[in-house]
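Step one of this worksheet: look at the structure below.
The values are calculated or read from the model by the stated rules, or taken from the named source; none is laboratory data. Just so we're clear, the structure is a prediction, and the values are computed from it rather than from any experiment. Neighbour counts run over all protein chains shown; Cβ positions are idealised from the backbone, glycine included. With ligands, DNA and RNA removed, areas are computed over all heavy atoms of the protein, side chains included. Shrake-Rupley method; radii C 1.70, N 1.55, O 1.52, S 1.80 Å.
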Amino acid sequence: MSTESTDKKIVHVYDDIQEEDNHLPNWWLAILFGTMVFGFGYWIVFHSTKTMPNPPQEYAADVEALNKKLAMANPTSEEALLALAQNPGAIEAGKKIFTTTCVACHGPEGAGLVGPNLTDKFWIHGNKATQILNTVKGGYPEKGMPAWGKVIGDEGARNVTAFVLTLRGKNLPGKAPQGEPIE
């Protein structure tokens, strides 16, 4: 090797250590520039344009889906009954049962005849979904409310509960308020 070609590459000498100006290998440069392009593209897709959900959004969606699945595992939980009250099919099925079994005491729109008004904010045995379900299933014979659980079954009781939940807050004129006001 000639010293002339080596002397042209040497850019620095310190303590008899010669530093040469060598180019980086092409494979190394390809990885460097490829990483830069990938990083820029990732930033555009996930942080600028919001075309893809980011990890916190995916996590929140997964947690919500899991909570719904767990709520449906126990169909008599508060969450499951409130979710059922959003299901038009369940509400319609509950309305059919209500019009055949409950209308004699609560009226066609739930405003109360012999039984209490189900549309106002006054409730005798509570207005939570699980309390309403327990009232439908077990009844209160001493107050004239029969136990409908064995007659209409568990699914029917849940559907009636879903329908009654849709009546809450309508404040239809009917029977005078009974029970405690519950917001």
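Here is how the numbers come out for the structure above:
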| quantity | calculated |
| --- | --- |
| Test for residue 136: is it hydrophobic (A, V, I, L, M, F, W, C), at pLDDT 85 or above, touching a helix residue (DSSP H, G or I) at 6+ places or on another chain (Cβ under 8 Å) and open to solvent by 60 Å² or more (accessible area, probe 1.4 Å) | no |
| Test set (1) under 15 Å from residue 165 (Cβ atoms); (2) open to solvent by less than 20 Å² (accessible area, probe 1.4 Å) - residue 107 fails condition number | (1) |
| Residue within region 162-179 that is within 17 Å of residue 91 (Cα to Cα) and of a type in the set (D, E, K, R) present | yes |
| Within region 71-113, considering residues that are under 16 Å from residue 168 (Cβ atoms) and aliphatic (A, V, I, L, M), the one nearest to the chain's Cα centre (by Cα) | 83 |
| Residue list for region 110-128, filter: under 15 Å from residue 165 (Cβ atoms), open to solvent by 50 Å² or more (accessible area, probe 1.4 Å) and not basic (Lys, Arg) | 125 |
| Residues of region 35-68 satisfying the condition of being surrounded by 11 or more Cβ atoms within 10 Å (Cβ to Cβ) and assigned to a loop (DSSP other than H, G, I, E, B) | 52, 53 |
